[in-house]
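Coordinate-derived values only; no laboratory data. All of these numbers come straight from a predicted model, not from anything done at the bench. Heads up, the Cβs are rebuilt from the backbone with ideal geometry, glycines too, and the neighbour counts pull from every protein chain shown.
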Amino acid sequence: MTDSRLAVVVLAAGQGTRMKSQTPKVLHPLAGIPLIGHVLSTARALDPAHLVTVVRHERDRVAATVLECDGDCVIVDQDEIPGTGRAAEVALDALPHDFDGDVLVVSGDVPLLDAATLAELLTEHRERGAAATVLSAVLDDATGYGRVVRNAEGGLDRIVEQKDASDDERAITEINSGTYVFHAPSLRAKLALVSTDNAQQEKYLTDVVGLLRGDGMPVAALPVREGWLVAGVNDRVQLADAAQRLNQLIVRGWQLAGVTVVDPASTWIDRTVTLDEDVEVRPGTQLHGATTIARGAVVGPDTTLTDCEVGAGARVSRTDATLAVIGERASVGPFAYLRPGTVVGEDGKVGTFVETKNSTLGREAKVPHLSYIGDTTVGEGTNIGAGTITANYDGVNKHRTEVGAHARTGSHNVFVAPVRIGDGAYTGAGTVVRKDVPAGALAVNVAPQRNVERWVAANRPGTAAAEAAAAATERSEGTV
């Protein structure tokens, strides 16, 4: 049910210079989703009446991603006045003027903070009747964070930013997470009084807490149970730390749901992946995007699947696949490369050192070894010989190859598309197929073998090959 007295504001206007990237910080991916996508998903889980995201740096790119993640989110632009206080101020202007509920402010670069923790913060805020409640954390190393300064009774007194803190204040290990709940009318009133007279010349949202406290209004700080919940992502090191922590949570969740993960440390699973019970994921496996894996399938080791569908009971080993469909009980790999548009039918096989692209293999069709199959349809029960190549490109256009059902093609074949090989047809080893092969026919075009006697002796005298050939000739002629 929608919480009519809740508005959530996501702060995503910062530049994120420490990422040293042309990609805005909040758009960096984490478990298959942009950082800000995690934050928006968590915010939406609270079912607020209003969801607002404040943008500025790379405005159009960030806004487009926000709307992809949550089409109902309201986008607000921050002006030239810097600081989180100004961001909150422009967000408030986007809310109905008569909104007098609670405003939850979260950061777009804090992806691990979950809805349960935010719900707990809201409950604490409302039960206390507070004008402001800050989510805090106690860290071993608080460097870079604003410090939560408490009064003699243990209550929240104020928040001091690192650059404005005294030595004693910097020794405090309780930090401000950048997540707050404010009573909307109180926030509006106090933001108007906040200045940029500080070390960073920014309008600090944290100053509101001190102003409320100075007027005798109740404020509070609620520490989280685990500091990593509120860890921000400001550089690539922190991004990797967040990715590892989130992946641990994702893998553990799938294990508890009935998936065998042999080595969690070397297994990476995006949040967008779906796994059935009794799936087995072997070491060194990465599952990305919209990948789905059905019951009883075994994936890995050393396999990367992106936006793939794996059927029940399939086996996929040491394979790289993107936008591929692998049917029930099919076998893929080891060392297979499935490019977009590949469909492997039920009980089919794509074997060792095989590359496929935009091709469909029918039920029980097999491409076992050392082949390239592109822009091709292979019929039910057909076996493609080792070393086969579909020559699908004429330098300008791509063309298709069609191989019928229950055909048997020889080793080291080249199919020059467009070409069709009929049902039940055979092709000889080494054949280059340039024209259609009728159903049930045998296609061969290899020239008769010609042996040039004593060629090595005449053309490679004195070599080891010549000496070995001479010795063999003498033995066969009975002269030794």
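The smallest convex shape that holds all Cα atoms of the range 3-230, its convex hull, gives 126 Å³ per residue. Rounded to the nearest 10 degrees, the inclination of helix 35-45 to the longest alpha-carbon principal axis of the chain is 60 degrees. Applying the criteria of a DSSP loop state and at most 16 other Cβ atoms within 10 Å to the trypsin sites (Lys or Arg not before Pro) of the range 1-99 yields 20. Rounded to the nearest 20, the size of the Cβ-charge dipole of the range 260-443 about its Cα centre is 600 debye, with Lys and Arg at +1 and Asp and Glu at -1.
When each pair of different Cα atoms in the range 260-443 is counted once in the 1/r mean, what is the Kirkwood radius in angstroms, to one decimal? Final number for the Kirkwood radius of the range 260-443 is 16.3 Å.
For the range 388-398, putting each phi into the Karplus relation 6.51 cos²θ - 1.76 cosθ + 1.60 with θ = phi - 60° gives couplings of 7, 10, 9, 7, 9, 10, 9, x, 10, 10, 8 Hz, in residue order, rounded to whole numbers and with x for Gly and Pro. Over all other residues within a Cβ to Cβ distance under 14 Å of residue 264, the charged ones net out to +1, with Lys and Arg as +1 and Asp and Glu as -1. In the chain, taking the dipole from charged Cβ atoms about the Cα centre, the farthest positive-side position among 387, 8, 289 is held by 387. For residue 371, the residues whose amide H sits under 5 Å from its own are 354, 355, 387, ignoring neighbours fewer than 5 places away on the same chain, with H placed 1.01 Å from N.
If the reach is capped at under 26 angstrom between alpha carbons, list the lysines near residue 357, excluding any in the same chain fewer than eight residues apart. Here the lysines satisfying the reach criterion relative to residue 357 are 349, 366, 398, 435.
The residues packed around residue 186, meaning those with a beta-carbon under 11 Å from its beta-carbon, carry a net charge of -1 if Lys and Arg are +1 and Asp and Glu are -1.
Look at [x] 87, 49, 41; [y] 114, 52, 44; [z] 79, 62, 58: the one that is Cα extents along the principal axes in Å derived from this structure is [y].
Suppose every Lys and Arg Cβ carries +1 and every Asp and Glu Cβ carries -1, with no other charges. What dipole size does the chain come out with about its Cα centre, to the nearest 20 debye? Write out the running numbers ahead of the final one.
Details: 45 positive and 62 negative charges, 407 e Å.
Computed charge dipole of the chain: roughly 1960 debye.
Projecting the Cα positions of 178, 156, 143 onto the charge dipole of the range 140-180 (unit charges on Cβ atoms of Lys, Arg, Asp and Glu, taken about the Cα centre) puts 178 furthest along the positive direction. Under the convention that each Lys and Arg Cβ holds +1 and each Asp and Glu Cβ holds -1, the size of the dipole of the range 3-230 around its Cα centre is about 260 debye. Calculated mean residue ellipticity at 222 nm for the chain: -6500 deg cm²/dmol, from DSSP H runs with n ≥ 4 weighted as -39500 (n - 2.57), summed, divided by the residue count and rounded to 500. When the range 191-313 is described by a simple charge dipole with +1 on each Lys and Arg Cβ and -1 on each Asp and Glu Cβ, the residue from 216, 248, 192 located farthest towards its positive end is 216. With K and R counted +1 and D and E -1, the other residues having a Cβ less than 12 Å from that of residue 54 yield a net charge of -1. Within the range 441-480, the GluC sites (Glu not before Pro) that combine a DSSP coil assignment with at most 12 other C-beta atoms in a 10 angstrom radius are 453, 477. So, in Å, what gap is there between the alpha-carbon centers of the range 405-460 and the range 47-98? Going from one Cα centre to the other spans 66 Å.
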